[in-house]
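Accompanying notes for the structure given below.
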Amino acid sequence: MRLGSAPAWLSTRALSVLVGTAALALWPLAAGTYGLDLATKTMIHAVLALSLQLLVGSAGLVCFGQAAFFGIAAYAVVRLSPADAGAPLWWLLPASVALAAAGALVVGALSLRTRGVYFIMVTLAFAQMAYHVAHDTPLGGGTDGIYLNARPVAALGETLRLDLDRPLVMYYFVLACLAAVFALLALLGRARFGRALAGIRINEARMRAAGFSTYPYQLAAFVISGAIAGLGGFLFAVKDGFVNPELLSWHLSGTVLIMLILGGLGHLRGAVLGAFAFALLQELFRSEAVFGAFAKHWLLGLGVTIIVSVALLPRGLIGAGERVAAWLQRRAGGPS
């Protein structure tokens, strides 16, 4: 056993996070309008992926209703905003996230009484209920969706502090939210709460025997996850200025789960990496310049690529990166 190997590994992990954050911060200097828009949308999906990572990777709860909380917050942004002006950001953001968290509290309180495939089906059922409320009632505007008349404003008196109508400002606001969510989940993972969730994921019966009441921990994780998904929904509605029932569809929940598998389950960096890898693969297979007429069948190419990736990299892209980093450390350290 070589002393100092653990700190070196931790510093490598921290360095990768810092390099990724710096790359995102500098991306607008090289990106055009389309590149800026794509990166902003991908970071929003990364926030949603991080919310699901807390459930799947940390608590071992596979939820197919994550899009419901995403959509609830997105619709809240539109419905709570005045028709003639933007709502103040300082209350619209917490209100939207709180509504998503409240929805997660209700769904979690009921669905966590089940286990395994039954839990998956119950969360899917609740998500479909929310989808049909938005799709079939005036509350959600039906299939046409609803437009956001004015983006929220952050102002102090007469001085405008944050203009989210500007794409560059919106980009850095989303980046700040992504970094805050990542830091929050990293802190939770190192705290007693995160260690308890890990123990519940590995062996819930043993945790109960040790005196832990597992239900409150799982419910708390479910609510926190729903709130983070709500933050993603808020960002999506503000960025696009439009919401429709597809935001609550199970297809989005499935897509986010694929992002986690592609990036690497159980790793916060894997959730972010998976979101960007999925977005880049979509852009690649949709490109007529690369694939010509086959680009209209981009879903086929994307699906085959994901299947091959899962077969060759069972721990996801983050697992491949860890193997490369470990190999480089062995090469640098020489024979032990």
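The values are calculated or read from the model by the stated rules, or taken from the named source; none is laboratory data. Values in this document were obtained by computation on a predicted structure and should not be read as measured data. Note: ideal-geometry Cβ built from the backbone for every residue, glycine included; neighbour counts use all protein chains shown.
Looking at the structure I just gave you, is Gly264 modelled with pLDDT under 90, out of contact with any strand residue (DSSP E or B) (no Cβ under 6 Å at 6 or more places or on another chain) and either on the phi > 0 side of the Ramachandran plot or buried (at least 20 other Cβ atoms within 10 Å of the Cβ) (or both)? Let's see the steps before the verdict.
Working: modelled with pLDDT under 90: yes; out of contact with any strand residue (DSSP E or B) (no Cβ under 6 Å at 6 or more places or on another chain): yes; either on the phi > 0 side of the Ramachandran plot or buried (at least 20 other Cβ atoms within 10 Å of the Cβ) (or both): yes.
Taking the combined requirement at face value, the residue satisfies it.
Looking at (1) under 23 Å from Leu187 (Cα atoms); (2) touching a residue at least 60 places away in the same chain (Cβ under 8 Å); (3) not aliphatic (A, V, I, L, M), can you tell me which one Gly264 breaks?
Result: Gly264 fails condition (2) only.
Based on what the data block shows, is Val256 over 15 Å from the mean Cα position of the chain (by Cα), modelled with pLDDT under 95 and either farther than 23 Å from Gly189 by Cβ or among the hydrophobic types (A, V, I, L, M, F, W, C) (or both)? Let's see the steps before the verdict.
Numbers: over 15 Å from the mean Cα position of the chain (by Cα): no; modelled with pLDDT under 95: yes; either farther than 23 Å from Gly189 by Cβ or among the hydrophobic types (A, V, I, L, M, F, W, C) (or both): yes.
Here the answer is no, as Val256 does not meet what is asked.
If you go through segment 115-128 one residue at a time, do you hit one that is at negative phi, outside any helix (DSSP H, G or I) and of a type in the set (S, T, N, Q)?
At the first step, the residues of segment 115-128 found to be at negative phi are 115, 117-128.
Keeping just the survivors that are outside any helix (DSSP H, G or I) gives 115.
Those still in the list that are of a type in the set (S, T, N, Q) too: none.
No, segment 115-128 has no match at all.
Based on what the data block shows, is Val107 outside any strand (DSSP E or B), of a type in the set (Val, Ile, Thr) and in contact with a helix residue (DSSP H, G or I) (Cβ under 8 Å, 6 or more places away or on another chain)? Walk me through how you get there before you give the answer.
Values: outside any strand (DSSP E or B): yes; of a type in the set (Val, Ile, Thr): yes; in contact with a helix residue (DSSP H, G or I) (Cβ under 8 Å, 6 or more places away or on another chain): yes.
Spelling it out, Val107 is indeed outside any strand (DSSP E or B), of a type in the set (Val, Ile, Thr) and in contact with a helix residue (DSSP H, G or I) (Cβ under 8 Å, 6 or more places away or on another chain).
Based on what the data block shows, is Leu219 in a helix (DSSP H, G or I), in contact (Cβ under 8 Å) with a residue 12 or more places away in the chain, crowded, with 18+ Cβ neighbours inside 10 Å and within 21 Å of the chain's Cα centre (by Cα)?
Taking the combined requirement at face value, the residue does not satisfy it.
Here are some residues: Val17, Val47. Which one is modelled with pLDDT under 90 and either within 22 Å of the chain's Cα centre (by Cα) or not in a helix (DSSP H, G or I) (or both)? Break it down stepwise before answering.
Values: Val47 fails: modelled with pLDDT under 90.
Of Val17, Val47, the one residue that is modelled with pLDDT under 90 and either within 22 Å of the chain's Cα centre (by Cα) or not in a helix (DSSP H, G or I) (or both) is Val17.
Can you confirm whether segment 235-243 contains a residue that is among the β-branched types (Val, Ile, Thr), closer than 30 Å to Pro88 by Cβ, out of contact with any His (no Cβ under 6 Å at 6 or more places or on another chain) and not in a helix (DSSP H, G or I)? If you could, list the steps in order and put the result at the bottom.
Keep residues of segment 235-243 that are among the β-branched types (Val, Ile, Thr), which gives 238, 243.
Then keep just the ones that are closer than 30 Å to Pro88 by Cβ; that gives 238, 243.
So of that shortlist, the ones also out of contact with any His (no Cβ under 6 Å at 6 or more places or on another chain) come out as 238, 243.
Pick out the ones that are also not in a helix (DSSP H, G or I) and you get 243.
Yes - at least one qualifying residue is present in segment 235-243.
What is the residue count in segment 241-259 for residues that are closer than 16 Å to Tyr75 by Cα and either among the aliphatic types (A, V, I, L, M) or in contact (Cβ under 8 Å) with a residue 24 or more places away in the chain (or both)?
Qualifying residue count, segment 241-259: 9.
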